[in-house]
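Single-structure report; data block below.
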Amino acid sequence: MTTENARLEAAYASGERWRRWGPYLSERQWGTVREDYGHDGNAWDYFPHDHARSRAYRWGEDGLLGISDDTQLLCFGLALWNGQDAILKERLFGLTNQQGNHGEDCKEQYHYLDSTPTHSYMRALYRYPQAAFPYTDLVTTNAERGYHDPEYELIDTGVFDEDRYFDVEIEYAKASPEDVCIRVSVTNQGPDPAPLRVLPTLWFRNTWSWSEGAPRPTIEPLTDASPKAPGVRASHPSLGTMELFAEDAQRLLFVDNETNHRRLFEGENGSDAVKDGIHDFVVEGRSQAVRTGGPGTKVAADFEVTLGPGATQVFRLRLTRERPPEIFGPTFESIIADRVRDADAFYEGVIPRGPRVTSKSAATLVPGPPVRTAWLRPSTTKSWM
């Protein structure tokens, strides 16, 4: 029995909550029937992608390579900005059913690379262009194509030419059921130095705006955290308290996960720092759009870097219910290394060795090592979008 088998046995036999945190965060919540309160059943138009950064969801959340608890009350995901995009990259972009010549279609490059059944170890990769993301080109060019034409994909736009993109890899490794080590490794694959903002984000799903008197969670800065590893305390009436630490974060940006009524509906906001405030601060330079001292219901750790050609920068965070004596340092790295070994040992026992199908040709069999199962489905550059 491997260590991962033992975790599974403990989860089934004694109820240990190894699966409480996992990849339960949607890739797209906008444009779904869950968030459609209109009268004509057209979810795409009722909640379009343009609203997603500014409008609070009710029944779920979405994020980039993120995780959440199994009730999706507290969520964690990545946000990125290359200095060129018109919007902060917080979620995947795709065409609606009416926009795509073959129906709805995700227009991104991302891969789920690894995950154990208890999600004690997870690894995923997102490829982020260094030029402005071609939102308009993808929409207009696909609109010009007919049913018999091929889809116009992100790679067809030329935005990845000369390898001008960042490989953004994220790993989650659990020290215990509710102690998650998070390592983000960003590599500049291009030929020139390139700037990047990396903003790992923690937030609560909005469960308080829909009924009067509903309890409101809070995220506030930790006053006893080290300046080298600033942190926040996220407190929820039913979920309890979790802490997030971000090693060497330059600042913490707090907002409320509430709708920007002023931007979308020409109304009044109930908060001075709403859901898209982090976008406004980073992309538009509006310093009043966030609270640097907290509190809020959404927070991002802000890292600004410039990476040379081929250079890699590593960012480390930790989401935990009980603060360990050593948050980062050698122990952090050893936990990740142990979980990688656990994953390898588990799949060595459940995936037989032998011929496998390569991605180049489904008809060509070549010998190779066991193929790891994916995060939730086979590794792909597309999703159900």
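Given the structure, is residue 180 crowded, with 18+ Cβ neighbours inside 10 Å and more than 22 Å from residue 288 (Cα to Cα)? Don't jump to the end; show me each part of the working.
Numbers: crowded, with 18+ Cβ neighbours inside 10 Å: yes; more than 22 Å from residue 288 (Cα to Cα): yes.
So residue 180 passes the test.
For residue 13, work out the one condition from (1) touching a residue at least 24 places away in the same chain (Cβ under 8 Å); (2) surrounded by fewer than 20 Cβ atoms within 10 Å (Cβ to Cβ); (3) among the hydrophobic types (A, V, I, L, M, F, W, C) it doesn't fulfil.
So the condition that residue 13 fails would be (1).
Could we say that residue 251 is without any contact (Cβ under 8 Å) to a residue 60 or more places away in the chain and either open to solvent by less than 30 Å² (accessible area, probe 1.4 Å) or in contact with a strand residue (DSSP E or B) (Cβ under 9 Å, 6 or more places away or on another chain) (or both) here? It would help to see each step written out before you state the result.
On the way: without any contact (Cβ under 8 Å) to a residue 60 or more places away in the chain: yes; either open to solvent by less than 30 Å² (accessible area, probe 1.4 Å) or in contact with a strand residue (DSSP E or B) (Cβ under 9 Å, 6 or more places away or on another chain) (or both): yes.
Yes: the conditions hold for residue 251.
Looking at segment 16-26 only, could you name the residues that are open to solvent by less than 80 Å² (accessible area, probe 1.4 Å) and either outside any loop (DSSP other than H, G, I, E, B) or within 16 Å of residue 73 (Cα to Cα) (or both)? Step through it out loud before you land on a result.
Pass one, segment 16-26, residues open to solvent by less than 80 Å² (accessible area, probe 1.4 Å): 18, 20-26.
Scanning segment 16-26 gives 20, 21, 22, 23, 24, 25, 26.
Which one of these is closer than 16 Å to residue 88 by Cα and open to solvent by less than 60 Å² (accessible area, probe 1.4 Å): 260, 206? Lay out the reasoning, then the answer.
Numbers: 206 fails: closer than 16 Å to residue 88 by Cα.
Of the residues listed, the single one that is closer than 16 Å to residue 88 by Cα and open to solvent by less than 60 Å² (accessible area, probe 1.4 Å) is 260.
Given the criteria closer than 30 Å to residue 162 by Cα and surrounded by fewer than 20 Cβ atoms within 10 Å (Cβ to Cβ), does residue 191 qualify? Explain how you work it out, then say what you get.
Working: closer than 30 Å to residue 162 by Cα: yes; surrounded by fewer than 20 Cβ atoms within 10 Å (Cβ to Cβ): yes.
Yes.
Suppose we filter 62, 85, 105 for residues that are among the acidic types (Asp, Glu), open to solvent by less than 20 Å² (accessible area, probe 1.4 Å) and touching a Pro at 6+ places or on another chain (Cβ under 9 Å); which single one remains?
On the way: 62 fails: touching a Pro at 6+ places or on another chain (Cβ under 9 Å); 105 fails: touching a Pro at 6+ places or on another chain (Cβ under 9 Å).
Checking each option against the conditions leaves just 85.
Restricting to segment 263-290, and then to whatever is of a type outside the set (A, V, I, L, M, F, W, C) and under 21 Å from residue 78 (Cβ atoms), can you tell me which residue is most open to solvent (accessible area, probe 1.4 Å)? If you could, list the steps in order and put the result at the bottom.
Kept after step one, since they are of a type outside the set (A, V, I, L, M, F, W, C), are these residues of segment 263-290: 263, 266-272, 275-277, 279-280, 284-288.
Narrowing further to those that are under 21 Å from residue 78 (Cβ atoms): 275-277, 279-280, 284.
Values: 275: 6, 276: 3, 277: 2, 279: 3, 280: 14, 284: 100 Å².
Among residues in segment 263-290 that are of a type outside the set (A, V, I, L, M, F, W, C) and under 21 Å from residue 78 (Cβ atoms), the one most open to solvent (accessible area, probe 1.4 Å) is 284.
Each row is one residue, and each column tells you yes or no for (1) open to solvent by less than 50 Å² (accessible area, probe 1.4 Å); (2) part of a helix (DSSP H, G or I); (3) among the acidic types (Asp, Glu).
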site: 309; (1), (2), (3): no, no, no
site: 315; (1), (2), (3): yes, no, no
site: 318; (1), (2), (3): yes, no, no
site: 325; (1), (2), (3): no, no, no
site: 328; (1), (2), (3): yes, no, no
site: 332; (1), (2), (3): yes, yes, no
site: 335; (1), (2), (3): yes, yes, no
site: 339; (1), (2), (3): yes, yes, no
site: 346; (1), (2), (3): yes, yes, no
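So, in segment 134-148, of the ones that are touching a Phe, Trp or Tyr at 6+ places or on another chain (Cβ under 8 Å), touching a residue at least 40 places away in the same chain (Cβ under 8 Å) and surrounded by fewer than 22 Cβ atoms within 10 Å (Cβ to Cβ), which residue ends up nearest to residue 168 (Cα to Cα)?
That would be 135.
Among the residues of segment 291-307, which ones are open to solvent by less than 40 Å² (accessible area, probe 1.4 Å) and either within 16 Å of residue 197 (Cα to Cα) or small (Gly, Ala, Ser) (or both)?
Keep residues of segment 291-307 that are open to solvent by less than 40 Å² (accessible area, probe 1.4 Å), which gives 294, 296-303, 305, 307.
Those that are open to solvent by less than 40 Å² (accessible area, probe 1.4 Å) and either within 16 Å of residue 197 (Cα to Cα) or small (Gly, Ala, Ser) (or both): 294, 296, 299, 300, 301, 302, 303, 305, 307.
Can you pull out every residue in segment 209-234 that is of a type in the set (Gly, Ala, Ser), farther than 30 Å from residue 128 by Cα and buried (at least 17 other Cβ atoms within 10 Å of the Cβ)?
Keep residues of segment 209-234 that are of a type in the set (Gly, Ala, Ser), which gives 209, 211, 213-214, 225-226, 229, 231, 234.
From what is left, the residues that are farther than 30 Å from residue 128 by Cα are 209, 211, 213-214, 225-226.
Correct list: 225 only.
The values are calculated or read from the model by the stated rules, or taken from the named source; none is laboratory data. Not measured: the values here are computed from a predicted model. Note that each Cβ is placed from the backbone with ideal geometry, even for glycine, and that neighbours are counted across all protein chains shown. What goes into the accessible areas is simple: the full protein's heavy atoms, side chains included, and nothing from ligands, DNA or RNA. Shrake-Rupley method; radii C 1.70, N 1.55, O 1.52, S 1.80 Å.
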